[in-house]
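For reference, the structure discussed in these notes is given below.
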Amino acid sequence: GNIEPPTGNPNPNPNPNPNPNPNPNPNPDPDPVVTLKVNPLTGDNRLNGSEITISQTLSGTTTGVAAGQLVNITINGTTYTAKVAADGSWHVSLPASVLQGLHDGSYNVVVTVSNGSGQTAEQTITVVVDTTAPTLTISPVAGDGIINAAETIASVAISGTSTAIGATVSVVFN
């Protein structure tokens, strides 16, 4: 048998990639986005008279941040730090001595975290300190504070006022 030579113009370059600088990943993945979530302090971001007498834990979570990175928490001009755990969580204990130094009012708590590439996330929560106990005033029952015979057979309203807006008031008779 005769072997026939191939027809057409054979490609002298066996590399099908015309890029002279082949890179298997020409667009490397960017660093992950840094996120930060701050859980409400004491569950409601409010500190009452008893809550400021004990240390409170502020906590949260991050994503896109390596374990060991620092979370900075600033309240009333003082900065505390926490380390990010392997699961992205973090927590810091705010000492009772510091909380007791906060007067009634609102305070911004600024929390920031950065990854190793300089990407930063920040969240600000407002914590309200209200150490003033609510007042409760009961109006005289039946208008004069005395339930007479005629009033004993009818419903008698018990009313009053309180500075604890939205709170439930319970009345117990002995």
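Odds and ends about this structure:
- From ASN76, ASN174, residue being without any contact (Cβ under 8 Å) to a residue 12 or more places away in the chain and open to solvent by 70 Å² or more (accessible area, probe 1.4 Å): ASN174
- Boolean, ASN48 is closer than 12 Å to VAL111 by Cα and surrounded by fewer than 17 Cβ atoms within 10 Å (Cβ to Cβ): no
- Taken over the range 86-105, the criterion of being part of a loop (DSSP other than H, G, I, E, B) and open to solvent by 40 Å² or more (accessible area, probe 1.4 Å) is satisfied by ALA86, ASP87, PRO95, GLN100, GLY101, HIS103, ASP104.
- Evaluation of ILE158 against (1) assigned to a loop (DSSP other than H, G, I, E, B); (2) in contact (Cβ under 8 Å) with a residue 24 or more places away in the chain (one fails), failing number: (2)
- Residue match in the range 134-154 (condition: free of Cβ contacts under 8 Å to residues at least 40 places away in the same chain, acidic (Asp, Glu), under 30 Å from SER50 (Cβ atoms) and surrounded by 10 or more Cβ atoms within 10 Å (Cβ to Cβ)): no
- The set of residues in the range 74-84 that are in a loop (DSSP other than H, G, I, E, B) and within 16 Å of the chain's Cα centre (by Cα) contains only VAL84.
- Residue match in the range 115-130 (condition: in a strand (DSSP E or B), exposed (fewer than 15 other Cβ atoms within 10 Å of the Cβ) and free of Cβ contacts under 8 Å to residues at least 24 places away in the same chain): yes
- Taken over the range 90-142, the criterion of being of a type in the set (D, E, K, R) and under 17 Å from LEU47 (Cβ atoms) is satisfied by ASP104, ASP130.
- Among residues of the range 89-109 that are over 23 Å from ALA67 (Cβ atoms), those with a Cβ under 8 angstrom from a residue that is open to solvent by 80 Å² or more (accessible area, probe 1.4 Å) and modelled with pLDDT of 95 or more, sequence gap 6+ or separate chain, pair up as ALA96/ILE54.
The values are calculated or read from the model by the stated rules, or taken from the named source; none is laboratory data. Remember, predicted model here, so these are calculated numbers, not experimental data. Counting neighbours? That spans all protein chains shown, and the Cβs are built from the backbone with ideal geometry, glycine included. To get the accessible areas, we keep the full protein, side chains included, count just its heavy atoms, and leave off ligands, DNA and RNA. Shrake-Rupley method; radii C 1.70, N 1.55, O 1.52, S 1.80 Å.
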